[in-house]
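**Q** I have a structure here, written as structure tokens, and I will follow up with some questions on it.
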Amino acid sequence: QVCRVCDLLGYYNHKLKTGICSSCKNSDNISTMKLPYACKLLIQELQSMNIVPHLKLDEA
């Protein structure tokens, strides 16, 4: 789950059955993409060190 507004990783809410951005708390502009677990883990570890990688998505 990637937010198209702030280009950050989001999460999937199983109760609401939708993706939610953890930064802007929005569920309207969420895109789903395939991402290897190692890449997701690297992004999360960089965020823990206050290095925020943005994921730019192209409309396909």
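**Q** So is Lys15 surrounded by fewer than 12 Cβ atoms within 10 Å (Cβ to Cβ) and either small (Gly, Ala, Ser) or touching an Asp or Glu at 6+ places or on another chain (Cβ under 9 Å) (or both) or not? I'd like the intermediate steps shown before the answer.
**A** Numbers: surrounded by fewer than 12 Cβ atoms within 10 Å (Cβ to Cβ): yes; either small (Gly, Ala, Ser) or touching an Asp or Glu at 6+ places or on another chain (Cβ under 9 Å) (or both): no.
Criteria not met by Lys15.
**Q** Those residues that are of a type in the set (A, V, I, L, M), in a loop (DSSP other than H, G, I, E, B) and either under 11 Å from the mean Cα position of the chain (by Cα) or surrounded by 13 or more Cβ atoms within 10 Å (Cβ to Cβ) (or both), I need them from the range 24-51; list them, please.
**A** If the condition is that a residue be of a type in the set (A, V, I, L, M), in a loop (DSSP other than H, G, I, E, B) and either under 11 Å from the mean Cα position of the chain (by Cα) or surrounded by 13 or more Cβ atoms within 10 Å (Cβ to Cβ) (or both), then Met33, Leu35 are the ones that fit.
**Q** Please enumerate the residues belonging to the range 18-42 that are over 12 Å from Gln1 (Cβ atoms) and at pLDDT 90 or above.
**A** Residues satisfying the conditions are Pro36, Tyr37, Ala38, Cys39, Leu41, Leu42.
The values are calculated or read from the model by the stated rules, or taken from the named source; none is laboratory data. Predicted, not measured: the structure shown is a model, and the values here were computed from it. In this analysis, Cβ positions are derived from the backbone assuming ideal geometry, glycine residues included, and neighbour counts consider all displayed protein chains.
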